[in-house]
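Trainee: One structure follows; several queries about it will come next.
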Amino acid sequence: MSGTLHVVGHPLIQHKLTQMRRKETETRDFRRLAREIALLLAYEVTRDRALTTQEIDTPLTKMRAPVLAGKEICLVSVLRAGNGILDGMLEILPSARVGFVGLYRDPDTLAAVEYYCKLPEDIAERETIVVDPMLATGHSASAAVARIKQAGAKSIKFVCLLAAPEGVKEMQAHHPDVAIFTASLDSHLNDHGYIVPGLGDAGDRLFGTK
Ligand code: URA
């Protein structure tokens with residue numbers, strides 16, 4: 001599934017996303033919906049996880065039962081809006097290690113500037129899932145993935161709520177090895193780098209800062 005764009009059209013995700021997009025949705029509900037969609041996206045992004053079997057005892061008999069195998073997971077949140085997805089992902093992947101990359105958008109150039117980075121030491125041995133709700137220009141996503149690769153990560157997937165065609169193009173140009181999972185591919189970016197129709201500023205709506 002390398003480099004592929006996966007638009008996850010599950011009806012529950014689509015319904016919840018519509019509620020998130022509504023401008024009248026309050027912070028409390030917006031945050032809950034982000035967590036719930038993240039949980040459902042976690043299910044999809046881990047669909048190709050390897051399984052092995054282990055012998056266990058049920059109350060009735062012995063059996064060989066499926067258990068997860070292969071590389072453990074590292075989640076990387078792109079600060080700060082990524083944290084709105086991280087919580088839901090951690091509910092379904094409770095043993096995952098967690099890293100953070102802090103980037104801000106230069107308001108003039110829209111380029112990503114790094115201000116914080118803390119990643120697990122064993123990231124090279126893990127399957128990494130990068131989370132950031134909005135794949136807009138793709139500059140911060142691409143910079144975050146480059147930073148994570150620099151730290152040694154080899155197997156990386158990217159999860160967002162909304163993607164703009166511009167962001168997908170940017171990611172696929174710089175990181176064709178990274179599969180993108182999103183709940184929607186929206187129409188375009190406006191002149192300020194916002195996704196249209198979008199849902200506004202994800203960080204402000206998650207944390208109630210505006
Ligand atoms: N970041 C956001 O929070 N919203 C957008 O529409 C684009 C980038």
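The values are calculated or read from the model by the stated rules, or taken from the named source; none is laboratory data. Keep in mind the model is a prediction, meaning the values are calculated, not measured. Cβ: placed from backbone, ideal geometry, glycine included. Neighbour counts: every protein chain shown. SASA here: full protein model, heavy atoms, side chains in, ligands and nucleic acids out. Shrake-Rupley method; radii C 1.70, N 1.55, O 1.52, S 1.80 Å.
Trainee: Rounded to the nearest 10 degrees, what's the angle between the helix 165-174 long axis and the longest principal axis of the chain, both from Cα atoms, 0 to 90?
Mentor: For 165-174 against the chain, the angle is about 60 degrees.
Trainee: Along its principal axes, what span do the Cα atoms of the range 90-156 show, with the longest given first and each in whole Å?
Mentor: Rounded to whole Å, the extents work out to 39, 25, 18 Å.
Trainee: So, one more: Around L135, what is the net charge, scoring Lys/Arg as +1 and Asp/Glu as -1 over all other residues with Cβ under 14 Å from its Cβ?
Mentor: Result for the neighbourhood of L135: -1.
Trainee: What's the angle, to the nearest 10 degrees (0 to 90), between helix 11-21's Cα axis and the longest principal axis of the chain?
Mentor: Compared with the principal axis, the helix lies near 30 degrees.
Trainee: Continuing with the same structure: Sorted by packing (mean other beta-carbon atoms within 10 Å per residue), highest first, where do 141-151, 11-21 land?
Mentor: Sorting 141-151, 11-21 by mean packing, highest first, produces 141-151, 11-21.
Trainee: Let me have the 222 nm mean residue ellipticity of the chain computed from DSSP H runs of 4+ only, each contributing -39500 (n - 2.57), with the sum over all residues rounded to the nearest 500.
Mentor: -10000 deg cm²/dmol
Trainee: Would you grab the residues whose amide H sits under 5 Å from the one on G99? Only those 5+ places off in sequence or on another chain, please, with H modelled 1.01 Å from N.
Mentor: Amide H to amide H, under 5 Å and 5 or more residues apart or across chains, G99 pairs with L75, V76, S77.
Trainee: How much accessible area per residue does the range 1-57 have, in Å², with a 1.4 Å probe?
Mentor: Accessible area per residue: 64 Å².
Trainee: Of K154/K210; K149/K169; K16/K157; K16/K210; K62/K154, which ones are farther than 29 Å apart at the Cα?
Mentor: The answer is K154/K210; K62/K154.
Trainee: Please list, in chain and number order, the residues 5+ apart from V178 or on another chain whose amide H is under 5 Å from its amide H, with Hs placed from the backbone.
Mentor: Placed amide hydrogens put G3 under 5 Å from V178.
Trainee: Over all pairs of distinct alpha carbons, what does the Kirkwood formula give as the hydrodynamic radius of the range 23-62, in Å?
Mentor: 13.7 Å is the Kirkwood radius here.
Trainee: Continuing with this model, one more query. Note the angle between two axes, namely the Cα long axis of helix 139-150 and the longest principal axis of the Cα atoms of the chain, as a number of degrees from 0 to 90, rounded to the nearest 10.
Mentor: Value to nearest ten degrees: 40.
Trainee: Something else now. Go through the range 191-202 residue by residue and turn each phi into a ³J(HN,Hα) via Karplus (6.51, -1.76, 1.60, θ = phi - 60°); whole Hz please, and just put x for glycine and proline.
Mentor: Couplings: 5, 9, x, 8, 6, 10, x, x, 9, x, 7, 4 Hz.
Trainee: Would you mind telling me the antiparallel percentage of the DSSP bridges in the chain, rounded to 5?
Mentor: Counting DSSP beta bridges with both partners in the chain, the antiparallel share is about 35 percent.
Trainee: Pulled fully out, how much extra length does the chain show between L110 and V67, if you take 0.36 nm times their separation in residues and subtract their Cα-Cα distance?
Mentor: Fully extending the segment from L110 to V67 adds 11.1 nm.
Trainee: Once you treat every alpha carbon in the chain as an equal point and sum by Debye, what is log10 I(q)/I(0) at q = 0.08, 0.14 Å⁻¹?
Mentor: Treating every Cα as an identical point scatterer, log10 I(q)/I(0) equals -0.28, -0.79.
Trainee: May I pose another question? Express in whole angstrom the spacing between the alpha-carbon centres of the range 1-57 and the range 146-170.
Mentor: 17 Å
Trainee: Provide the gained length on full extension for the span T27 to Q150, in nm with one decimal, where the gain is 0.36 nm per separating residue minus the Cα-Cα distance.
Mentor: 40.8 nm
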